[in-house]
Structure formats: C-alpha cells, structure tokens
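A.B. asks: Quick one: structure below, then a few questions.
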Amino acid sequence: MITTGGMLKKVREMKPLVCQITNNVTINDCANVTLCTGGSPVMSDSMADAIEMVGMASALVLNIGTVNDDTLGIMISAGKIANECKIPVILDPVGVGATRYRSRAAEGILKEVKVDVIKGNAGEIASLLGHKGKVRGVDSDTSSEVSDCRRLARKLGIVVGMSGEIDYVSDGKTTYALHNGKDMMDMVSGTGCMLSSVIGCFVGANGVSAESVAAAISSFTVAGELANDSKGPASYKINLMDSLFSLVPEYLNSRLKVEEI
C-alpha cells in the first residue's frame, strides 16, 4: 500500500492541475498552498472560463465561503463538467448552517453535482446531517464527531474529512483519527480553505479514497507542527507554507500519528 509520503511524492511528480472556485478571502493563500504542496493551481470565477478549465484539471475544489448566486451557478456548472470528465470534486461547505443561504447553496451543489469529498469542521458536517441549531465544535464529544463523519460518508457515498482538535476521515467503512497537532493554526484565517486545496492536490494525483484524504490532512498538519515555533500568526502562515514546501516524504512518514478506528 502506498504510504502518506509516497502519496506526497506522487503529487510532486504529477503536479496535478487543481481548478478552484473558492473563497475570495483566501484565494491567494489557496493558490500558494497548492504550489507548496506540489500541485498547479488555477483559480476561476467566470462561467466560460471555469467550464473550459475544469475539463483540463485533475481535481475541482468548490468552496462556498463567499458564495453568491453567480458563483453558485458557476460551481454547479463546473461540477457537472467535472462529473462528465470523471474529475474528482471536493466541496468545502464553509459556514453551512450559519445562514439559510449557505445551507441552500450546499444543498444545491449536492443535489446537482456528484461530490467525491467533503471537508468541513464538526459543525459543518453536523449541519449537513440535519442537526439544525445544534452547536458542535471543540466542546462536542469525540464519539459524536466520529459518528457524524461516518454517517455523512455513508449517507452520500463519499469520503468525508472532518477537521478539529483531532481530524477524522471516513469513507463509511474505514475511519481514521489523525492526531498530528496544529497549535497556532486556528489563529490564521483560511487554513481550512487551504486544507481543501491540499486535498485537491492529493486526490488529483492519487485518486479518491479515505487514504488519500487522510494523507493530505496529515501532510498539512505535520507542516503545521513544524511551523509552531513561529513568533505569531503572520510568521506562522509563512512558515506553514515553507514547511509544506520543504516536507520530505520519508520524514513525513516518521511524524504521522494515524489511528484506524
């Protein structure tokens, strides 16, 4: 079986083109982290451009962080082209459940597009399961988070990556708990969006599986550990990207804290 380090090596060999219709707040960071991982980013918010570009891509990342009616239409159209071309689609349902509009946007994408991977935090995953008005996050219990991750994976027939104090990945059958730490990561806006870009790189090069999504998350969080001696959030973001760029596959394998549960 290919190791996490082996998957990172394959990303760097393939340099997958990752088409991203993403959050305006973090678009530059998402492009840069794609490059640091070993992929090639292309960012689009035009209908004509996106539907042409996605056909050449290795993966499509859809992020609803700053979604509006226009970008939602572009996301759905691009997603349908990706489905036709058998290109994996990663959905980051940023803030789903916070407003009815975001919830309708996520539901619309899931209704019209075959999504292969969802990456979200505990609250976003719970919301997609219909746990309305239920606060989930660092104060929610681990057993509920694992259950929600598995349930959504089974319900939609996809791979789900749940970020948090402990990260979880499940395809409904196999579930991993990822224990590599993040410390300062929560002090930098957009790290969740960046993680979806990293997942796009790994899935684009290695195919869709619980293992490839877990490898992407672990690579990002190990890089986060290596950046933890930064003076503050600004230097941390720079060091995070530098650490990801410099990550050696063999060293990555030696740092992993992965548990199958």
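A.B. asks: Enter the accessible area of Y168 (Å², nearest 10), with the probe set to 1.4 Å and all protein chains included.
C.D. replies: Using a 1.4 Å probe on the heavy atoms, I get roughly 0 Å².
A.B. asks: Ordering F202, F245 from largest to smallest accessible area (1.4 angstrom probe), what's the sequence? Walk me through the intermediate numbers first.
C.D. replies: On the way: F202 0, F245 135 Å².
Correct descending sequence by accessible area is F245, F202.
A.B. asks: In whole Å, what is the distance between the alpha-carbon centres of segment 146-201 and segment 73-132?
C.D. replies: 15 Å
A.B. asks: Something else now. Radius of gyration and Dmax for segment 158-261's Cα atoms, expressed in Å?
C.D. replies: Every Cα atom of segment 158-261 included, Rg and Dmax give 13.0, 41 Å.
A.B. asks: Given the convex hull of the Cα atoms of segment 69-131, what is a quarter of its surface area in nm²? Numbers along the way, then the final one.
C.D. replies: Values: hull surface 15.7 nm².
Its average projected convex-hull area is 3.9 nm².
A.B. asks: To continue, here is another question. Along its three principal axes, how long is the chain when you only count alpha carbons? Whole Å, largest extent first please.
C.D. replies: Extents along the principal axes: 42, 39, 38 Å.
A.B. asks: Another question, if that's okay. At 1.4 Å probe size, with no ligands or nucleic acids counted, give the accessible surface of L244 in Å², nearest ten.
C.D. replies: 0 Å²
A.B. asks: Which of S246, S212, S196 ends up with the largest GNM mean-square fluctuation for the chain, with Cα atoms connected below 10 Å?
C.D. replies: Sorting by GNM fluctuation, first place goes to S246.
A.B. asks: So which lysines pass the test for K86, namely a Cα distance under 20 Å, with those fewer than 8 places away in the same chain ruled out?
C.D. replies: K10, K15, K111, K114, K119
A.B. asks: Continuing with the same structure: Taking 2.2 N^0.38 Å as the expected size of a compact globular protein, what ratio does the Cα radius of gyration of segment 1-120 give against it, to two decimals? Walk me through the intermediate numbers first.
C.D. replies: Values: Rg = 14.1 Å, N = 120, 2.2 N^0.38 = 13.6 Å.
Output field value: 1.04.
A.B. asks: I've got another one for you. Over the Cα atoms of segment 54-94, Rg to Rh with Kirkwood Rh, two decimal places?
C.D. replies: Working: Rg = 9.9 Å, Rh = 10.3 Å.
Here the Rg-to-Rh quotient is 0.96.
A.B. asks: Kindly report, to the nearest 10 Å², the accessible surface of K155 as traced by a 1.4 Å probe over protein heavy atoms only.
C.D. replies: Roll a 1.4 Å probe over it and K155 shows about 130 Å².
A.B. asks: Now, a different point. For the chain, with a Gaussian network of springs between Cα atoms less than 10 Å apart, report the residue from P93, P16, P233 with the top mean-square fluctuation.
C.D. replies: P233
A.B. asks: Then there is this: With the full set of protein chains in place, find how many percent of the accessible area of segment 1-147 is carbon and sulfur; take the probe as 1.4 Å. Could the numbers behind the result be given before it?
C.D. replies: Numbers: 3500 of 6620 Å².
Carbon plus sulfur share of accessible area: 53 percent.
A.B. asks: Next up: Could you give the alpha-carbon Rg of segment 45-182 over 2.2 N^0.38 Å, rounded to two decimals?
C.D. replies: Rounded to two decimals, the normalised Rg is 1.05.
The values are calculated or read from the model by the stated rules, or taken from the named source; none is laboratory data. Computed from a predicted model, the values in this text were never measured in an experiment. Side chains included, ligands, DNA and RNA excluded: accessible areas come from the protein's heavy atoms. Shrake-Rupley method; radii C 1.70, N 1.55, O 1.52, S 1.80 Å.
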